[in-house]
Amino acid sequence: MVGSEDPRAKAATVSRPRGRPRSFDRETALEKAVMAFWEHGYEGTSVSDLTRVMGIGAPSLYAAFGDKRALFDEVVTVYGARYGSFVDRALAEEPTARAAVARVLREAAAEYTAPGRPHGCLVVHAAANCTTPEVEQSLRERRNATIAAIRGRIEADAAAGELPAGVDARALARHTGAMIQGMSQQARDGASREELAALAEIALAIWPRT
């Protein structure tokens, strides 16, 4: 009969599950993204890599985090708060620039070689072979901000008489930045915590004293 409905078709329609977004724990997925970018860098981590390690589909990734660039920005923020904050803490808590840098380098030796996660620093490693100018610039600004903060502490100590008045604050801060970044790469290349700690002590030996 025209207009009649087959009961079997109706039952199939009722029983067929409607499409719905896949539920997942956002923080867990974000932590997995941190590890992926940390291990493989920005360019070396594809969206398909991310969906695989995060355990979500591409639509869920875009809905929860935006595109790859937006996710990476959030990853860098989380990394800085969760794994890279030892630098800011040392600069804020130690009484002198030398004490702060000593703590930074010694803690970098431990943090960059910690077991159970990628070695080195995400902010340093993710910039390797990066062809996305905005990402490259963002990471460069973060690294330079750290050097500027170290330079500020050195200049303050020179003004307070903790360091010689003629100390080259810019060069000393750049040297510290080079040590941090170099220790990151050395950790990626297999250097042990003890080997990096030894480098830290050599780097501190050049610091001028009053």
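No lab work stands behind these numbers, since they all come straight from the coordinates. Keep in mind the model is a prediction, meaning the values are calculated, not measured. When we count neighbours, we look across all protein chains shown, and the Cβ atoms used for this are built from the backbone with ideal geometry, even at glycine.
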*Using the alpha carbon gyration tensor of segment 85-205, what are the three equivalent-ellipsoid semi-axes (square root of 5 times each eigenvalue), largest first, in whole Å?*
25, 18, 11
*Computed over the Cα atoms of segment 24-80, what is the ratio Rg over Rh, Rh following Kirkwood?*
0.90
*When the chain is fully extended, how far beyond the present Cα-Cα distance does A58 get from A198, taking 0.36 nm per residue of separation?*
45.9 nm
*Subtract the Cα-Cα distance of S48 and R82 from 0.36 nm times their separation in residues, and report this length gain in nm to one decimal.*
9.7 nm
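Would you please give the FRET efficiency between N129 and T96, computed as 1/(1 + (r/R0)^6) with r the Cβ-Cβ distance and R0 = 35 Å, to the nearest 0.05?
Details: r = 38 Å, r/R0 = 1.08.
Rounded to the nearest 0.05, the efficiency is 0.40.
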_Let me check against my output: what whole-number percent is the relative contact order of the chain, with C-alpha pairs under 8 Å and at least 6 apart?_
22
*Taking only Cα atoms and a 10 Å spring cutoff, compute GNM fluctuations for the chain and point out the largest among A187, A169, A159.*
A159
*Rel. contact order, % - alpha carbon contacts under 8 angstrom, at least six apart, segment 85-205*: 37
_Fewest-first ranking of T131, T45, using other Cβ atoms within 10 Å as the exposure measure_ = T131, T45
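Determine the sum of side-chain charges near E195: Lys and Arg each +1, Asp and Glu each -1, restricted to other residues whose C-beta is under 12 angstrom from that of E195.
Working: positive: R193; negative: D189, E194, E201.
Summing Lys and Arg as +1 and Asp and Glu as -1 gives -2.
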*Using only Cα atoms, locate the centre of segment 49-64 and the centre of segment 194-209, then give the distance between them in Å, rounded to an integer.*
43
*Taking the simple approach of a point 7 Å from Cα along Cα-to-Cβ for both A156 and R89, what is their distance in nm?*
1.8
*Ascending count of other beta-carbon atoms within 10 Å, so fewest first, for T146, T176*: T146, T176
*Would you mind ranking M35, M183 so that the residue whose beta carbon has the fewest other beta carbons within 10 Å leads the list?*
M35, M183
*Return one number: the angle in degrees, 0 to 90 and rounded to the nearest 10, between the long axis of the Cα atoms of helix 97-111 and the longest principal axis of the Cα atoms of the chain.*
40
*Please give the contour-minus-distance gain from I206 to R26: 0.36 nm per residue of separation, less the Cα-Cα distance, rounded to one decimal in nm.*
60.2 nm
*If you compute percent of Cα pairs over 28 Å apart for the structure shown, which of (1) 42; (2) 27; (3) 24 do you land on?*
(1)
*Roughly what would the spin-label model give for R142 and A110, points 7 Å off Cα along C-beta, in nm?*
2.2
